[in-house]
Structure formats: structure tokens, C-alpha cells
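Chemist: I have a structure I would like to understand better, so I am pasting it below and will then ask my questions one at a time.
The values are calculated or read from the model by the stated rules, or taken from the named source; none is laboratory data. Remember, predicted model here, so these are calculated numbers, not experimental data. Glycine also receives a Cβ, built like all others from the backbone with ideal geometry; neighbour counts cover every protein chain displayed.
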Amino acid sequence: MDGVADTDDDTTPNRPDERFTLASERTFLAWIRTALGLLAGGIALLHVVPDFSTGWVRTTIALVLIVLGIAAPIAGLRRWLQVQRALESGAPMPAEHDLWVFAIAIAAIGVVAAVATIVAAV
């Protein structure tokens, strides 16, 4: 199963198997859900949790979350287009650079939030 539908008609070009195309679309929608969560988290941190750490720490973490929330659908759309092209042409799947950036950024936010929480508790 290589992601390209088999055809018996020589005039019909190979096209991606619908299951792979739909899976790619579901992954894009996951990027959108992630973006909404990041935006909501950033806005909530600014307006719902005013007592978290100091103002500059809270604002910095919130702004990073909001920026990641803005970047996520762009990265998701870019990746979806790359995967679609790879499926249609039979090329290798795209590298996971965007995934690493988001994983490291969100882990860093977690570390900063944990340190800020510990410092505030001491």
C-alpha cells in the first residue's frame, strides 16, 4: 500500500488513495485545533489568571502561546500541501522540521511556567 490508488485504465493518472488524503486532512484539522488551544491558552493566561507569576513572565508566556497559535495553522497548511504533493507524485513524505519547532517551543513554555510557579511559591 503505497498511498496511490491502483487503476486499470492507462488514461487515468495515478491519484492518491482517498484514505491517505482524508488522513492528511484530519491531521490538518488537528493543527487547527492545536492553534485554537494555543490562542485560547494565551488569551486566558493574560485575562483569566492575573495572579500567575509576575506580569512580564505571564505576558511573555501568553504572547509566545499566541504567536504559536498564529503559526500553527500556517505550518499545518504548509505541511498538508507538502503531504498532498508527495502523495500525488509518489515522492517521500516531507521532513518534520515544523513538528520539532512546535514540540520544543511548547516544552520550553512548560519549563518556564514550571520555574515561574516554583519561584512564586518560594
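Chemist: Show me the helices (runs of 4 or more DSSP H) found entirely inside the range 14-122 where at least 2 residues are basic (Lys, Arg).
Modeler: Result: 18-47, 55-89.
Chemist: Which condition number does residue 88 fail, the rest of (1) under 30 Å from residue 15 (Cβ atoms); (2) modelled with pLDDT under 90; (3) surrounded by fewer than 13 Cβ atoms within 10 Å (Cβ to Cβ) being met?
Modeler: In the conditions (1) under 30 Å from residue 15 (Cβ atoms); (2) modelled with pLDDT under 90; (3) surrounded by fewer than 13 Cβ atoms within 10 Å (Cβ to Cβ), residue 88 misses (3) alone.
Chemist: Determine which member of the set 83, 111, 101 is surrounded by fewer than 15 Cβ atoms within 10 Å (Cβ to Cβ), β-branched (Val, Ile, Thr) and touching a helix residue (DSSP H, G or I) at 6+ places or on another chain (Cβ under 9 Å). Don't jump to the end; show me each part of the working.
Modeler: Working: 83 fails: surrounded by fewer than 15 Cβ atoms within 10 Å (Cβ to Cβ); 111 fails: touching a helix residue (DSSP H, G or I) at 6+ places or on another chain (Cβ under 9 Å).
Just one listed residue meets the conditions, 101.
Chemist: So residue 86 clears everything in (1) within 22 Å of residue 116 (Cα to Cα); (2) over 12 Å from the mean Cα position of the chain (by Cα) except one condition, right? Which one?
Modeler: (1)
Chemist: Within the set of pairs 6 or more residues apart or between chains, which connect a residue that is over 13 Å from residue 70 (Cβ atoms) and without any contact (Cβ under 8 Å) to a residue 60 or more places away in the chain inside the range 37-54 to a residue that is hydroxyl-bearing (Ser, Thr, Tyr) and assigned to a helix (DSSP H, G or I) with Cβ atoms less than 9 Å apart?
Modeler: Every condition considered, the pairs that remain are 45/59; 46/59.
Chemist: Further question: How about the range 55-67: which of its residues are without any contact (Cβ under 8 Å) to a residue 40 or more places away in the chain and within 11 Å of residue 41 (Cα to Cα)?
Modeler: Within the range 55-67, 62, 63, 66 qualify.
Chemist: Please go through the range 82-101 and give me each residue that is in contact with a Pro (Cβ under 9 Å, 6 or more places away or on another chain), within 17 Å of residue 30 (Cβ to Cβ) and of a type in the set (A, V, I, L, M, F, W, C), ordered by number. Can you show your working first?
Modeler: Residues of the range 82-101 that are in contact with a Pro (Cβ under 9 Å, 6 or more places away or on another chain), as a first pass: 82-88.
The next check asks that each one be within 17 Å of residue 30 (Cβ to Cβ); those that pass are 82-84.
Passing the criteria: only 83.
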